[in-house]
Amino acid sequence: MNSADPQKTKLRRRLLEWYRKNRILYPWRRTNDPYRIWLSEILLQQTRIPVVLRYYDRILRQFSTIEDLARADENAFLSVWSGIGYYSRAGNMLRCAREVVSLYGGKFPRNLPALLSLPGIGPYTAGALRNLCFHQLTPAIDGNISRVLARIANDSHRIDSKIFRDDIKRMFLELGDGMPAGEFFQSLMELGERVCLPKPDCPRCPVRFACLAHRNGTVPQIPRRRQKRKEQTYHWYLLLIRKGNAYCFVQNNKREFLKESWIFPDVLKKRKLSKQEITAAFKKSWGLDLKDVQICSTLRHTVTFRRLHVHVLETRLSRIPGVAGNWLQECDLPAYHTSSITYKVLQNL
Ligand code: SF4
């Protein structure tokens with residue numbers, strides 16, 4: 001759709017009217033405070049709204065301003081955060097609050113490069129903050145918004161292509177031009193969450209008259225999915241090192257998957273290893289001298305396109321390892337970002 005499209009004004013009006021009539025007034029929609037809006041945007045990443053509502057209140061009761069959060073002790077904040085997962089988000093939030101207070105006097109900067117330089121703020125969050133807090137129209141594109149815009153334009157480029165991303169950004173700016181930026185952004189988001197779902201409810205859609213995918217009967221194919229990655233099989237060796245009831249955990253910064261999760265010291269290979277090879281691999285990766293490695297169980301686990309044969313190892317160690325880790329009991333795990341495979345391993349012992 002180009003800016004001269006005669007339907008554009010009608011589309012904008014319908015979208016805004018629909019949003020104003022149907023929006024759900026979440027607490028973060030009843031405030032102009034950038035701190036509260038930022039908090040909601042971070043919480044909404046990968047978390048469902050009922051959970052976000054609980055944590056939003058809980059965090060604000062304890063840290064009602066960005067200065068309170070910037071002063072917070074990391075453990076105090078993590079205990080409020082505990083249970084929601086994705087602990088790197090919590091660490092980034094603290095660092096971000098501290099930078100906003102120390103560099104910008106407690107006020108989020110308005111310009112895009114400065115926002116993007118803050119910890120945990122990527123293009124989507126920076127765009128959302130500029131639209132919602134500063135009323136500056138800025139592309140903030142997530143799955144919901146790209147689905148709605150792609151269908152309206154009947155854009156059949158693959159979702160992970162540059163041309164698709166550029167099209168969607170251009171449409172966002174073109175359609176939002178002259179509209180209240182915050183409401184425009186939220187109206188698209190809300191439409192994607194409630195009507196233009198993967199299986200859309202087109203009869204209820206306020207912008208159906210302008211939707212080219214609906215007109216052409218191509219809705220089920222738009223947006224066009226990325227090519228499915230070929231499944232890959234790995235053998236993943238997890239080493240249990242015990243001290244009393246606790247096990248040694250390390251924070252994963254080696255693997256492409258389960259990044260920053262707390263996992264057992266591990267080795268990942270494309271093929272199955274002999275005991276001798278396992279011992280050599282742990283020596284090479286972790287500097288550990290393993291004695292009498294025993295495979296105590298083998299489990300299956302899938303992470304996206306990776307099929308993992310998980311081999312759980314126990315060993316006598318000639319010395320306690322010097323790896324940078326934490327000794328954790330099962331009851332400590334809810335406060336740490338880990339994976340369901342960790343619980344599966346412990347339950348299988
Ligand atoms: S008509 Fe259907 S496919 Fe088109 S924007 Fe509305 S809900 Fe989405």
Among (1) assigned by TED's automatic domain parsing to the domain that holds His309; (2) within 16 Å of the ligand (Cβ to nearest atom) - the single one Val267 does not satisfy: (2)
Selected residue (criterion: farthest from the ligand (Cβ to nearest atom)) from residues of region 137-154 that are of a type in the set (S, T, N, Q) and out of contact with any Ser or Thr (no Cβ under 9 Å at 6 or more places or on another chain): Thr138
Wholly enclosed helices (runs of 4 or more DSSP H) of region 155-222 bearing at least 1 residues in contact (Cβ under 8 Å) with a residue 40 or more places away in the chain and more than 16 Å from the ligand (Cβ to nearest atom): 162-176, 181-194
Residue count for region 164-173, restricted to those that are surrounded by fewer than 19 Cβ atoms within 10 Å (Cβ to Cβ) and either over 21 Å from the mean Cα position of the chain (by Cα) or modelled with pLDDT under 95 (or both): 4
Options Gly127, Gly176: the member that is over 24 Å from the mean Cα position of the chain (by Cα) and crowded, with 20+ Cβ neighbours inside 10 Å: Gly176
Any hit, region 97-107, residues being under 22 Å from the mean Cα position of the chain (by Cα), away from the ligand (no atom under 16 Å from the Cβ), at negative phi and of a type in the set (Phe, Trp, Tyr): no
Hits in region 98-128 - residues which are touching a residue at least 60 places away in the same chain (Cβ under 8 Å) and not β-branched (Val, Ile, Thr): Lys107, Phe108, Gly120, Ala128
Matching strands (runs of 3 or more DSSP E) fully within region 255-349 where at least 3 residues are touching a residue at least 24 places away in the same chain (Cβ under 8 Å) and farther than 23 Å from Thr233 by Cβ: 290-303, 306-317, 326-328
Criterion (farther than 27 Å from Leu103 by Cβ and free of Cβ contacts under 8 Å to residues at least 40 places away in the same chain) met by exactly one of Asp73, Asp57, Asp68: Asp57
Check on Asn92, closer than 18 Å to Trp28 by Cα and surrounded by 15 or more Cβ atoms within 10 Å (Cβ to Cβ): no
Lone unmet requirement of (1) within 16 Å of the ligand (Cβ to nearest atom); (2) farther than 29 Å from Pro206 by Cα for Ser82: (1)
Test result for Trp327, within 30 Å of Val80 (Cα to Cα) and either touching a helix residue (DSSP H, G or I) at 6+ places or on another chain (Cβ under 8 Å) or surrounded by 14 or more Cβ atoms within 10 Å (Cβ to Cβ) (or both): yes
Considering residues of region 238-254 that are surrounded by 17 or more Cβ atoms within 10 Å (Cβ to Cβ) and assigned to a loop (DSSP other than H, G, I, E, B) only, the residue modelled with the highest pLDDT: Ile241
Every residue from region 55-76 that is outside any helix (DSSP H, G or I) and of a type outside the set (D, E, K, R): Phe63, Ser64, Thr65, Ala72
Lone unmet requirement of (1) touching a strand residue (DSSP E or B) at 6+ places or on another chain (Cβ under 7 Å); (2) surrounded by fewer than 17 Cβ atoms within 10 Å (Cβ to Cβ) for His135: (1)
Matching entry among Val312, Val303 (being surrounded by 12 or more Cβ atoms within 10 Å (Cβ to Cβ) and modelled with pLDDT under 90): Val303
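The values are calculated or read from the model by the stated rules, or taken from the named source; none is laboratory data. All figures in this text were calculated on a predicted structure; none of them were measured in a lab. All Cβ positions, even for glycine, are placed from backbone atoms using ideal geometry, and neighbour counts span all protein chains on display.
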